[in-house]
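The values are calculated or read from the model by the stated rules, or taken from the named source; none is laboratory data. All values reported here derive from a predicted model rather than from experimental measurement. Note: ideal-geometry Cβ built from the backbone for every residue, glycine included; neighbour counts use all protein chains shown. Each accessible area value is taken on the protein alone, full model and side chains, heavy atoms only, with ligands, DNA and RNA left out. Shrake-Rupley method; radii C 1.70, N 1.55, O 1.52, S 1.80 Å.
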Amino acid sequence: MSEKIVLERDEVRRTLVRISHEIAEKNPGPEGLALVGIHTRGAVLAKRLHALVGEQSGFEVPLGDIDISFYRDDVGGRDPDAQPQVHASHLDFDLSGRTVVLVDDVLFTGRTVRAAIDALFDYGRPARVQLAVLCDRGHRELPIRPDYVGKNLPTAREERVNVRLEESDGVDEVTIAGSGERAGALAGDDETQTEA
């Protein structure tokens, strides 16, 4: 089976520009806004959105990134070889009273977002939390809905959504592959799509 490209480089760029406009429109007065990317590719996308929102608003919006490895509900049940890579979190600003936009690459079951919200609240108590995702592939297991969606991707549960970004993979694209294909970077709500 081959991969089907659903977003190419220019489409990824246009999608992020649109999401940044929506964030700016929904959150007038950027002094109370912050962007926080979920490692790994969500953090890369948050950096891009940060630059775009800054261009549009003329304000420097705080940017952070968060690692949710130890907040996952399946961390203890994974094979030792399948444990996620742990990254440092960077939240060098006060979350209190802010609207925090969590950014991730693909929304799948919702478990990664739940873990990210738990991790975020260990750093402070934002006034609101919003969610921006490049792709929403459905198959939710938790009642989580994104505020900003780049593209809705109807997928079969066994298919894989592969998000590749220039900064980490040398190319910007989103593809859908059958369950047996692991080419490139896998994205899902959890980088490996093995959530229970």
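The set of residues in region 95-121 that are open to solvent by 10 Å² or more (accessible area, probe 1.4 Å), of a type outside the set (D, E, K, R) and not in a loop (DSSP other than H, G, I, E, B) comprises THR99, ILE117, PHE121. For VAL161, the criteria (1) farther than 24 Å from GLU22 by Cβ; (2) open to solvent by less than 20 Å² (accessible area, probe 1.4 Å) hold in every case but one, which is (1). Restricting region 48-61 to residues that are open to solvent by 30 Å² or more (accessible area, probe 1.4 Å) and in a loop (DSSP other than H, G, I, E, B), the residue that is farthest from VAL103 (Cα to Cα) is GLY58. Scanning region 21-38 for residues that are under 22 Å from THR112 (Cα atoms) and not in a strand (DSSP E or B) yields one hit, ILE23.
Has region 2-9 got any residue that is at pLDDT below 85 and not basic (Lys, Arg)? Within region 2-9 (the criterion being at pLDDT below 85 and not basic (Lys, Arg)), the answer is yes, since at least one residue qualifies.
If I ask for residues that are over 20 Å from ILE68 (Cβ atoms) and either out of contact with any strand residue (DSSP E or B) (no Cβ under 6 Å at 6 or more places or on another chain) or surrounded by 22 or more Cβ atoms within 10 Å (Cβ to Cβ) (or both), which ones from region 23-47 would you list? ILE23, ALA24, GLU25, LYS26, PRO28, GLY29, PRO30, GLU31, LEU33, listed by residue number. Residue pairs whose Cβ atoms lie under 9 Å apart, sitting 6 or more positions apart in sequence or on different chains, and linking a residue in region 159-177 that is within 13 Å of ARG9 (Cβ to Cβ) to a partner that is hydroxyl-bearing (Ser, Thr, Tyr), are VAL163/THR175; ARG164/THR175.
When region 140-191 is filtered for residues that are in a strand (DSSP E or B), touching a Cys at 6+ places or on another chain (Cβ under 9 Å) and at pLDDT 95 or above, the ones remaining, listed by number, are VAL149, GLY150, LYS151, ASN152, VAL161, VAL163, VAL174. Yes or no: region 128-139 includes at least one residue that is surrounded by 15 or more Cβ atoms within 10 Å (Cβ to Cβ) and over 19 Å from ALA43 (Cβ atoms). Looking through region 128-139, at least one residue is surrounded by 15 or more Cβ atoms within 10 Å (Cβ to Cβ) and over 19 Å from ALA43 (Cβ atoms). When SER2, SER20 are screened for being open to solvent by less than 10 Å² (accessible area, probe 1.4 Å) and among the hydroxyl-bearing types (Ser, Thr, Tyr), only SER20 passes.
Across region 69-84, which residue is modelled with the lowest pLDDT among those that are open to solvent by less than 30 Å² (accessible area, probe 1.4 Å) and either in contact with a Pro (Cβ under 8 Å, 6 or more places away or on another chain) or under 21 Å from VAL149 (Cα atoms) (or both)?
Filtering first and then ranking leaves ARG72.
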